[in-house]
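The numbers here are math on the coordinates, done by the rules we state, and not lab data. Being a predicted model, the structure only gives us computed values, none of them experimental. In this analysis, Cβ positions are derived from the backbone assuming ideal geometry, glycine residues included, and neighbour counts consider all displayed protein chains.
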Amino acid sequence: MAENGSNSEGDIRELIDRFADAFRAKDVDGIMSFFAPEIVSFDILPPLAAVGTNRFVKHWEEFFESHEGPIHVEFPDISIAAGEDVAFSYCVHRIKGTLKNGPQTDWWLRWTACYRKTNGKWLIVHEHVSVPADLGTGKALLDLKP
């Protein structure tokens, strides 16, 4: 997608790279530094919507606590549309690790993030993470690969 802001697309790409680094480090405080206080998240963890950082931080704590050892994350082929103070990105991203109860995971998830630039800093104000579902069984399809 074409960039509309002068360096906005590059700034968003850098933010996503730093976000991935904090994710791999299981750094909850680092992760939360990328989200606006009014974040609205539609995540793979319940509830259907997490509104505000007080609720959203619990998602990250629960997610990192559920994994043993390192977690791999990558955001390949991300598309970004950016203006002066609003932007969005989307991609299929990969999370790979080992759950504490034993199973290895290798999930490809859909991720969309919306950003707002406030006081010169880009923050994620909305994100949506999802997986396709089998309509016959109602079960999530976590084994799909791009």
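Taking a virtual spin label 7 Å from the Cα of Asn54 along the C-beta vector, which residues in the range 17-32 bring their backbone nitrogen under 19 Å of it? Backbone N within reach: 29, 32. If R0 is taken as 25 Å, the Cβ-Cβ distance between Lys139 and Asp77 corresponds to a FRET efficiency of 0.40.
In this entry, the range 1-72 is assigned a mean projected area of 5.8 nm², taken as a quarter of its C-alpha convex hull surface.
Counting every pair of alpha carbons in the range 8-130, the share spaced more than 21 Å apart comes to 35 percent. Partner lysines whose Cα lies under 29 Å from the Cα of Lys117, excluding those fewer than 8 positions away in the same chain, are identified as Lys26, Lys58.
Axis of helix 53-65 versus longest Cα principal axis of the chain: the two differ by about 40°, to the nearest ten degrees. Ordered by the count of other Cβ atoms within 10 Å of each Cβ, fewest first, Leu15, Leu135, Leu123, Leu144 give Leu135, Leu144, Leu123, Leu15. Think of it as helices only: each DSSP H run of n ≥ 4 in the chain is worth -39500 (n - 2.57), and spread over all residues that comes to -7500 deg cm²/dmol at 222 nm.
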